[in-house]
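Encoded as structure tokens, the structure appears first; notes follow it.
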Amino acid sequence: MKLFEPADLGALHLRNRIVMAPLTRTRAGERGIPNDLLVEHYAQRASLGMIITEGTWPVQEGRSYPGQPGIETDEQIAGWRRVTDAVHERGGTIVMQLMHGGRVSHTDISQTPRIVAPSAIAAPGETHTATGKAAMPVPHALTTDEVRDTVQGFVQAARNAIAAGLDGVEIHGANGYLVHEFLSPVSNVRDDVYGGTPENRARFAIEVATAVAEAIGADRTGIRLSPQHNIQGVLEEDDADVLATYTALAEGLAPLGLAFVDVLNADVAGDLVQHIRRTAGAPFVVNSGFASMTTRDEAIALLDAGHADAVAVGRPVIANPDLAERWEQDAELNEPRPELFYGNTGEGYVDYPTLSESRAA
């Protein structure tokens, strides 16, 4: 079964093809510095083929959640170095997801004078600040020059990630955050070179990927996409526009020689996702789980059918730090505890037992 075979995605070596999906867990404290909890959490999961870290903000203005880590300050870089050392000591591979939250934030969270987006359109609903719920504010629409400055923020963050010992980075272009906001005609109503046509709306994602790949190596750079996920007000409901937008994006990524493209979609074997795969021409990671958890049988079937090179998994990895061993043995699994997914303690974060511990008990 391909799922348990090694693979190389660019310069990234995977001992198996089970990838830890990026999972926000809010344990990094007020200053976004990885601490002992993060060190233990990621080290516990080093037997997976590759870890993609939780979304990590490249600049303070891009912070979306209290407790979310950053990769901007010397203290954050040093904190991540402790994480990567622990993972590497156990033979693991770890890349950082660079996540600029865009309009999905609040100035009480970012502690900056503004939040930013492609256009001055608020995300729907409310967010959770340190003092309670607050309506999503209207963001500042980035000027053309500010968009280009934002690209450089990703570049410096990628360099910082490599300095912290990460094996590579994944640009977060999914789930309604900044890069994804540029792709949708609902959240992006610009009339400059970054808006209007599908090609223009894809431009920012391509520029970020190109600049990061030039800075740290394309063979250490990946990108996550979630076409038609329709989340946080980033709507992609016109099939023809979606196809045109993601074709333009994939065509822009194709010459770069990226380490991987990572797609979250309910139908990863479907025409749209597989078209993105063929067009981008990069090693391909798929994540089918969102409304429901990815199962062992589904992961095996996706790879054996040739729909991907690796499978990203979320909730089963939260509850089973040794998921690769459990799945290879077809062993019983711990059940996740969703009420503890977000918090600031080790409960529900580093206290799930391994298979050997469960059997001993």
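Things to note:
- Probing with 1.4 Å while keeping every protein chain in the model, the per residue accessible area of region 71-120 equals 36 Å².
- Applying both filters, DSSP loop and at most 15 other Cβ atoms within 10 Å, to the trypsin sites (Lys or Arg not before Pro) of region 20-120 gives ARG31, ARG90, ARG114.
- Label-to-label distance, ARG337 versus GLU357, with points set 7 angstrom from Cα along the beta-carbon direction: 1.2 nm.
- With protein chains left intact and a 1.4 Å probe, residues in region 200-262 average 33 Å² of accessible area per residue.
- Dipole moment magnitude, nearest 20 debye, the chain about Cα centre, only Lys, Arg, Asp, Glu C-beta charged: 400
- With 5 Å bins beginning at zero, the pair-distance distribution over Cα atoms of region 174-331 amounts to 2, 9, 18, 20, 19, 15, 10, 5, 2, 1, 0 %.
- Largest mean-square fluctuation among ALA254, ALA205, ALA312, in a Gaussian network model of the chain whose springs join Cα atoms under 10 Å apart, belongs to ALA254.
- The Cα center of region 30-99 and the Cα center of region 101-141 differ in position by 23 Å.
- Mean sequence separation of contacting Cα pairs (under 8 Å, at least six apart), scaled by the length of region 1-84, corresponds to a relative contact order of 31 percent.
- The share of accessible area on the chain that comes from carbon and sulfur is 49 percent, using a 1.4 angstrom probe.
- In this label model, SER292 and ARG81 are separated by 4.6 nm, measuring between points 7 Å along each Cα→Cβ vector.
- With the charge dipole of region 60-206 set up from +1 on Lys and Arg Cβ and -1 on Asp and Glu Cβ about the Cα centre, the Cα lying farthest toward the positive end among the listed residues VAL87, GLY102, PRO124 is that of PRO124.
- Long hydrophobic helices in the chain: the complete DSSP H runs spanning 27 Å or more by Cα along their own axis with mean Kyte-Doolittle hydropathy of at least -1.0 are 144-163, 198-216.
- Rounded accessible area of GLU332 (nearest 10 Å², 1.4 Å probe): 90
- Using a Gaussian network model of the chain in which every pair of alpha carbons under 10 angstrom is joined by a spring, one finds that among ALA324, ALA202, ALA130 the greatest mean-square fluctuation is at ALA130.
The values are calculated or read from the model by the stated rules, or taken from the named source; none is laboratory data. Please read these numbers as outputs of a predicted model, since none were measured by experiment. Glycine gets a Cβ as well: all are built from the backbone with ideal geometry, and neighbour counts include every protein chain shown. These area figures cover heavy atoms from the full protein model, side chains too; ligands, DNA and RNA do not enter into them. Shrake-Rupley method; radii C 1.70, N 1.55, O 1.52, S 1.80 Å.
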